[in-house]
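Read through the structure below, which is laid out as structure tokens, and then see the notes.
The values are calculated or read from the model by the stated rules, or taken from the named source; none is laboratory data. Note that the coordinates shown come from a computational prediction; the quantities given were computed from them, not determined experimentally. Don't worry about glycine lacking a Cβ; one is built from the backbone with ideal geometry, like all the others, and counts go over all protein chains shown.
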Amino acid sequence: MDGGVVTDYTETHIKKQIIAYLKIRHIFNYHLRQGLGYYPGLPDRVLHVLGRAIYIEVKTAKGKLSENQKKFRDQCLADGIDYWIIRSVEELDVKLSEFKCEK
């Protein structure tokens with residue numbers, strides 16, 4: 001793990017914490033629907049920060065990307081699109097602070 005505080009929370013619990021955090025911070029975000037007919041490997045949420053879209057995939061401390069998620073991530077990074085794997089609200093807070101300082 002490279003940053004952020006990680007607990008033994010479930011992915012669903014982490015997602016709920018992140019949604020609450022983003023609401024408090026007034027950061028526009030939305031869920032990407034997944035299922036039959038959708039592009040495989042879509043991340044969990046999209047954030048709009050400083051005029052940029054950031055894809056985030058929420059994982060537990062030990063969670064790993066599926067092969068489809070890896071392909072989607074790799075395509076985003078190749079296209080210069082921000083893609084973050086987030087394991088806690090604390091990690092998201094740190095990444096957002098760093099992102100805002102870089103811009």
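Taking the range 22-38, which residues are out of contact with any Asp or Glu (no Cβ under 9 Å at 6 or more places or on another chain) and among the hydrophobic types (A, V, I, L, M, F, W, C)?
To start, the set of residues in the range 22-38 that are out of contact with any Asp or Glu (no Cβ under 9 Å at 6 or more places or on another chain) comprises 22-24, 26-30, 33, 35-38.
If the condition is that a residue be out of contact with any Asp or Glu (no Cβ under 9 Å at 6 or more places or on another chain) and among the hydrophobic types (A, V, I, L, M, F, W, C), then L22, I24, I27, F28, L36 are the ones that fit.
Of all residues in the range 65-87, those satisfying the criterion of being in contact with a strand residue (DSSP E or B) (Cβ under 9 Å, 6 or more places away or on another chain) and either loosely packed, with under 11 Cβ neighbours inside 10 Å or closer than 19 Å to H31 by Cα (or both) are L65, Q69, F72, R73, C76, I81, D82, Y83, W84, I85, I86, R87.
If you check every pair at least six apart or on different chains, which have Cβ atoms under 6 Å apart with a residue in the range 8-30 that is farther than 14 Å from I86 by Cβ first and a residue that is not hydroxyl-bearing (S, T, Y) second? Close Cβ pairs (under 6 Å, with a partner that is not hydroxyl-bearing (S, T, Y)) amount to F28/H48; Y30/V46.
Do you know which of the residues in the range 17-46 that are among the aliphatic types (A, V, I, L, M) and farther than 14 Å from V89 by Cα is surrounded by the most Cβ atoms within 10 Å (Cβ to Cβ)?
In the first step, residues of the range 17-46 are kept if they are among the aliphatic types (A, V, I, L, M); the result is 18-20, 22, 24, 27, 32, 36, 42, 46.
Restricting the remaining residues to those that are farther than 14 Å from V89 by Cα gives 32, 36, 42, 46.
Numbers: L32: 12, L36: 4, L42: 17, V46: 15.
Step by step, filter the range 17-46, then rank; the result is L42.
Scanning the range 62-98 for residues that are of a type outside the set (D, E) and more than 14 Å from the chain's Cα centre (by Cα) gives K62, S66, N68, K71, Q75, A78, G80, S97. Residue-level check: of (1) assigned to a helix (DSSP H, G or I); (2) touching a Leu at 6+ places or on another chain (Cβ under 7 Å); (3) modelled with pLDDT under 95, C101 misses just (2).
Residues in the range 35-53 that are touching a residue at least 24 places away in the same chain (Cβ under 8 Å), in a loop (DSSP other than H, G, I, E, B) and either hydrophobic (A, V, I, L, M, F, W, C) or touching a strand residue (DSSP E or B) at 6+ places or on another chain (Cβ under 8 Å) (or both): how many? Full working, then the answer.
Taking the range 35-53 first, the residues touching a residue at least 24 places away in the same chain (Cβ under 8 Å) are 39-45, 47, 49-50, 52-53.
Retained after the next criterion (residues that are in a loop (DSSP other than H, G, I, E, B)): 39-44, 50.
Checking which are either hydrophobic (A, V, I, L, M, F, W, C) or touching a strand residue (DSSP E or B) at 6+ places or on another chain (Cβ under 8 Å) (or both) leaves us with 42-44, 50.
Counting residues in the range 35-53 that are touching a residue at least 24 places away in the same chain (Cβ under 8 Å), in a loop (DSSP other than H, G, I, E, B) and either hydrophobic (A, V, I, L, M, F, W, C) or touching a strand residue (DSSP E or B) at 6+ places or on another chain (Cβ under 8 Å) (or both) gives 4.
Would it be correct to say that I56 is in a strand (DSSP E or B) and surrounded by 18 or more Cβ atoms within 10 Å (Cβ to Cβ)?
Working: in a strand (DSSP E or B): yes; surrounded by 18 or more Cβ atoms within 10 Å (Cβ to Cβ): yes.
Judged against the criteria, I56 is a match.
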